[in-house]
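Please read the structure below before turning to the comments.
Laboratory data are not the source of any read-out in this text; all were calculated from the coordinates shown. In this text, all values refer to a predicted model and were calculated from it rather than measured experimentally. For neighbour counting, all protein chains shown are included, and Cβ atoms are generated from backbone atoms with ideal geometry for every residue, glycine included.
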Amino acid sequence: MVNTLTLAMKFYEQPKLYTQVLDVLNIVFTTIFALEFVLKLMAFKFKNYFGDAWNVFDFIIVLGSFIDIIYGEVNPNSGIISINFFRLFRVMRLVKLLSRGEGIRTLLWTFIKSFQALPYVALLIAMLFFIYAVIGMQVFGKIALDD
């Protein structure tokens, strides 16, 4: 959670010292996540570790964080490509934390399942627009516009 708060602390034209502190915190959190990855890998072994989807997700976060740090060190002033979006994957760790509670897990599952019905809702809305368009053309189609 502290990591997510530090990600939210960026702002436009922030002082250089402030940016350096956030970069150090980024390295600290990346080190913590990498240490967690190594310890879990040692405990669960390769096959069991990568058998869990959350562990694979954590590995991708660690890998993306390393890419972010290395790219930032190698090419610090490049505006062409921004790899900082890898830091945003860390925010998704909150979903992992939230999924531990039964009520929140039910709410998240309902939210995910509701996306399956989204195309049907869009189709229903399109049909309603079409029906009202046909009704509007039948009712108002013969009325002449005055210039």
Inter-label distance, nm, simple model (7 Å from Cα along the C-beta direction), Asn48/Thr106 = 3.2 nm
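Between Val38 and Leu94, what is 0.36 nm times their sequence separation minus the Cα-Cα distance? Round to one decimal in nm. Intermediate values should be presented prior to the final figure.
Numbers: separation 56, 0.36 × 56 = 20.16 nm, distance 2.06 nm.
Length difference between fully extended and current span is 18.1 nm.
Give Lys40/Lys96; Lys10/Lys113; Lys40/Lys113; Lys45/Lys96 a once-over and call out the pairs whose C-alpha atoms are over 28 Å from each other.
In this structure, Lys10/Lys113; Lys40/Lys113 lie more than 28 Å apart at Cα.
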task = Could you work out which residue, out of Leu39, Leu63, Leu124, moves most in a Gaussian network model of the chain, that is, has the largest mean-square fluctuation with Cα springs under 10 Å?
result = Leu124
ask   = For helix 53-74, what angle does its Cα long axis make with the longest principal axis of the chain, in degrees from 0 to 90 and rounded to 10?
value = 70 degrees
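Please state the charge dipole magnitude for the chain, taken about the Cα centre, from unit charges on C-beta atoms (+1 on K and R, -1 on D and E), reported in debye and rounded to the nearest 20. It would help to have the intermediate numbers written out before the result.
Numbers: 13 positive and 10 negative charges, 124 e Å.
Dipole of the chain, to the nearest 20 debye: 600 debye.
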query = What aspartates and glutamates could a cross-link reach from Lys47, if we take a straight Cα to Cα line under 17 Å and drop same-chain neighbours fewer than 8 places away?
reply = Glu36, Asp58
ask   = Could you work out the helix-only [θ] at 222 nm for the chain, with each DSSP H run of four or more residues adding -39,500 (n - 2.57) and the total divided by the number of residues, to the nearest 500 deg cm²/dmol?
value = -25500 deg cm²/dmol
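Could you compute Rg(Cα) / (2.2 N^0.38 Å) for the chain, with N its residue count? Walk me through the numbers before you get to the answer.
On the way: Rg = 24.7 Å, N = 147, 2.2 N^0.38 = 14.7 Å.
Scaled against compact globular proteins, the figure is 1.69.
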